[in-house]
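What follows is a set of notes on a single structure, which appears directly below.
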Amino acid sequence: MRFSKYLIFTLREDPKDAEVISHKLMIRAGLVYKEESGLYGYLPIGFRVYNKVVNIIREEMNRAGAIEVLPTILTPASLWIESGRYDIMGKEMIRIKDRKDNWLVLGPTHEEAFTDIVRRTVSSYKQLPLTLYQIAKKFRDEIRPRFGVMRCREFTMKDAYSFDIDEKGLDESYNKMREAYIRIFKRVGLNALPVEADVGSMGGTRSEEFMVFSSVGEATIIHCPTCNYYANVERAESILKDDDVVENETMGELKEVDTPNVFTIEDLTKFFNTSPKKFIKTIIYMADGKPVAVLIRGDLDINEVKLKNYLGAAELELATPEIIEEVTGAKVGFAGPVGLKKEIRVIGDFSIKNIKNAITGANKTDKHIINVNINRDFEVKEFADIRTAKAGDICKNCGGSLEETKGIEVGHIFKLGYKYTESMNVTVLDKSGNRIHPIMGCYGIGVDRTIAAVIETSNDEKGIIWPITIAPFECVIVPIATKDEKIMEISNKIYEELLSKNVDVAIDDRDETVGVRMNDLDLMGIPFKIIVGKKAINENKIEVKRRDNGQTYEIPVSEAVDEIISIIKEEYKKYEA
RNA sequence: CGGGGCGUAGCUCAGAUGGUUAGAGCGCAUGCCUUGGGAGCAUGAGGUCCCCGGUUCAAGUCCGGGCGCCCCGACCA
């Protein structure tokens, strides 16, 4: 590619509306442009990177035995009604009405579509196992798109769906995908770790997210440095440091105390001059429309994902002030387990089991009660782990001290189960001629997010530093003076030869000063610059300069092509899976 | 949906208290000169000051309403 005839669009300054590094650099290096919030298009340089990532994913999926298909992105509402998700998905799903007034959905995910493909084409156990995939656009009307390409409304995803006759088969299909993912992320230069994830209302049995540790990540990961336990905070379990400490206090007398305008645990702690651990927080939730009281120790946080799973609820939200008043008989801030006005389901987190002489809301406005004791003053029928694990907690596996980090979720693999094959009635005949539902797994990789994650973890003050495997070009030739015939002659010769040997090379022959061109190439993250300058004329030598550490090799012109090829080959080895 | 910030040239921004023909840097075009890390000189093009309404002799500037963008939170198969 000759840059003089290409579309290079770089910016010298950070765009105003970008906050995170990857977003700034993707715009500045001319990889993408923003059409509007959450909608990004790829420019030529970005599209080259995109294609390289897609190709690596495709190669590894094929290697793992998955088969590529191309379903429709516009899907009929009927598919979604069948699976029961038409109503559940809510506003995130983009719906369009066609000219005949039929509703269509721009696929936000494709379980239904792939299940439909299998329903149409598979009828015997002999055709299984089967893993199908696509690399295509997804549409989700996100409440808040952000961080450029990281969370947007239209994005590219590789999604695969496996179909097996039994759980054992699913385990194998799942593991194949898991292996493929590890290879893919290695090859694109990402350090992505599988982390235990929430299986949630999907009803699956196992789920892992591939996380890239980064401060801009939206997910919180709980990590044990001793035994390498990694889990999304949504499902992480831990042991409290002081879980088993039974206080020796004798039970005091239950007593109401006036606490006007004291609401938060922090304020209450000051007011009573005690520790937050002496409080039992009582939070009222609405689970599928029914109020539930949840009790947890004052210094801890409720994990709503765990709670939702425990309750088996489809919808879980904090109760409104009106409902809280109705349930407790008091204004918000004074709920407690003793003397709730209405009989409702009460769930206790394990953390409240051993609190002696606790302080709780009195279910009367502006009043708390002290010396509250479980089993004497109130009973809890249901105990569960509904606490958010946090740094400093004890690892349930090895007793180590847990740490917290942020992660970007670049992939997600999931044992789905029978949800879709049952709801959409997919069956195959097994060996004995019985109709059985295949069991499913689903596996996703966010292509755009993967690109952003690479940039987020590999950049410097000059710009992007691409791994050679997904760089827009492997190397770019820079003729120091574009009007010098001799320099151009040498440059063009090397360029043509490299091209003929299938090197992904470009020549930056734009009528710009060397400084401008070098800086652009650094911004774009080109792994190797091939500089043809005075030395080429005087000493018959060209220079190859590395983007990552600035190291420069001087190479005689006659050996340039072979040497460049071998340097590039060597570089690829770093990313071999 | 709540809180905060912003909206003026392709980009990044300046335009107190309302007042002529709305500015800068970069970018862009043309010419000269240049090319070892964002050169110099000259000339030039480029504006719905987010939109609608109001106040006023006069609005980029003040008032009301709306729209859009960014960040935090809520939310997120």
Is at least one residue of the stretch A:298-310 within 13 Å of RNA strand B (Cβ to nearest atom), in contact with an Asp or Glu (Cβ under 9 Å, 6 or more places away or on another chain) and aromatic (Phe, Trp, Tyr)? no
For the stretch A:548-558, does any single residue satisfy the condition of being assigned to a helix (DSSP H, G or I) and away from RNA strand B (no atom under 12 Å from the Cβ)? yes
Would you check if there is a residue in the stretch A:16-30 being within 30 Å of A:Pro479 (Cβ to Cβ) and in a loop (DSSP other than H, G, I, E, B)? yes
If you check A:Gly411, A:Gly417, which single one turns out to be open to solvent by less than 30 Å² (accessible area, probe 1.4 Å), within 13 Å of RNA strand B (Cβ to nearest atom) and in contact with a Ser or Thr (Cβ under 7 Å, 6 or more places away or on another chain)? A:Gly417
Between residues in the stretch A:125-141 that are over 28 Å from A:Glu167 (Cβ atoms) and free of Cβ contacts under 8 Å to residues at least 24 places away in the same chain and residues that are surrounded by fewer than 19 Cβ atoms within 10 Å (Cβ to Cβ) and not β-branched (Val, Ile, Thr), which pairs lie under 9 Å by C-beta distance while being six or more apart or on different chains? none
Residue match in the stretch A:174-189 (condition: at pLDDT 95 or above and in contact with a His (Cβ under 7 Å, 6 or more places away or on another chain)): no
Going through the stretch A:263-282 one residue at a time, which ones are crowded, with 19+ Cβ neighbours inside 10 Å, among the β-branched types (Val, Ile, Thr) and touching a residue at least 40 places away in the same chain (Cβ under 8 Å)? A:Ile280, A:Thr282
Among residues of the stretch A:48-88 being farther than 29 Å from A:Pro129 by Cα and within 15 Å of RNA strand B (Cβ to nearest atom), the residue least open to solvent (accessible area, probe 1.4 Å) is A:Ile88
Could you say whether any residue in the stretch A:101-119 is in contact with a Leu (Cβ under 8 Å, 6 or more places away or on another chain), within 16 Å of RNA strand B (Cβ to nearest atom) and small (Gly, Ala, Ser)? yes
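So if I check each of A:Arg95, A:Arg120, which one is farther than 25 Å from A:Val32 by Cα, assigned to a helix (DSSP H, G or I) and free of Cβ contacts under 8 Å to residues at least 40 places away in the same chain?
On inspection, the qualifying residue turns out to be A:Arg120.
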Residue check: is A:Glu112 of a type outside the set (Lys, Arg) and modelled with pLDDT of 95 or more? yes
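Of A:Pro479, A:Pro472, which residue is within 12 Å of RNA strand B (Cβ to nearest atom) and surrounded by 17 or more Cβ atoms within 10 Å (Cβ to Cβ)?
A:Pro479
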Condition first: among the hydrophobic types (A, V, I, L, M, F, W, C) and open to solvent by 40 Å² or more (accessible area, probe 1.4 Å). Now tell me which residues in the stretch A:528-564 satisfy that. A:Ile537
Pull out all pairs, ordered by first then second residue, where Cβ-Cβ is under 7 Å, the residues are six or more apart or on different chains, the first lies in the stretch A:515-528 and is more than 6 Å from RNA strand B (Cβ to nearest atom), and the second is of a type in the set (Phe, Trp, Tyr). A:Gly525/A:Trp466; A:Ile526/A:Phe473; A:Pro527/A:Trp466
Selection status of A:Phe155, within 11 Å of RNA strand B (Cβ to nearest atom) and either on the phi > 0 side of the Ramachandran plot or not assigned by TED's automatic domain parsing to the domain that holds A:Gly90 (or both): no
From A:Asp460, A:Asp511, A:Asp504, grab the single residue that is within 10 Å of RNA strand B (Cβ to nearest atom), over 30 Å from A:Gly169 (Cα atoms) and open to solvent by 10 Å² or more (accessible area, probe 1.4 Å). A:Asp511
Could you tell me how many of the residues in the stretch A:429-443 are open to solvent by 10 Å² or more (accessible area, probe 1.4 Å) and within 22 Å of the chain's Cα centre (by Cα)? 1
What number of residues within the stretch A:524-577 satisfy the criterion of being under 17 Å from A:Leu498 (Cα atoms) and basic (Lys, Arg)? 4
How many residues, within the stretch A:466-499, are among the hydroxyl-bearing types (Ser, Thr, Tyr) and closer than 16 Å to A:Ser558 by Cα? 2
Restricted to the stretch A:312-367 and to residues being hydroxyl-bearing (Ser, Thr, Tyr) and not in a loop (DSSP other than H, G, I, E, B), the residue surrounded by the fewest Cβ atoms within 10 Å (Cβ to Cβ) is A:Ser351
Would you kindly identify the helices (runs of 4 or more DSSP H) lying entirely within the stretch A:417-509 that contain at least 1 residues that are without any contact (Cβ under 8 Å) to a residue 40 or more places away in the chain? A:419-423, A:485-500
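The values are calculated or read from the model by the stated rules, or taken from the named source; none is laboratory data. None of the values given here were measured: they were computed from a predicted structure. Reconstructed Cβ throughout: ideal geometry from the backbone, glycine too, with neighbour counts over all protein chains shown. Accessible surface is based on the protein model in full, side chains and every heavy atom, while ligands, DNA and RNA are left aside. Shrake-Rupley method; radii C 1.70, N 1.55, O 1.52, S 1.80 Å.
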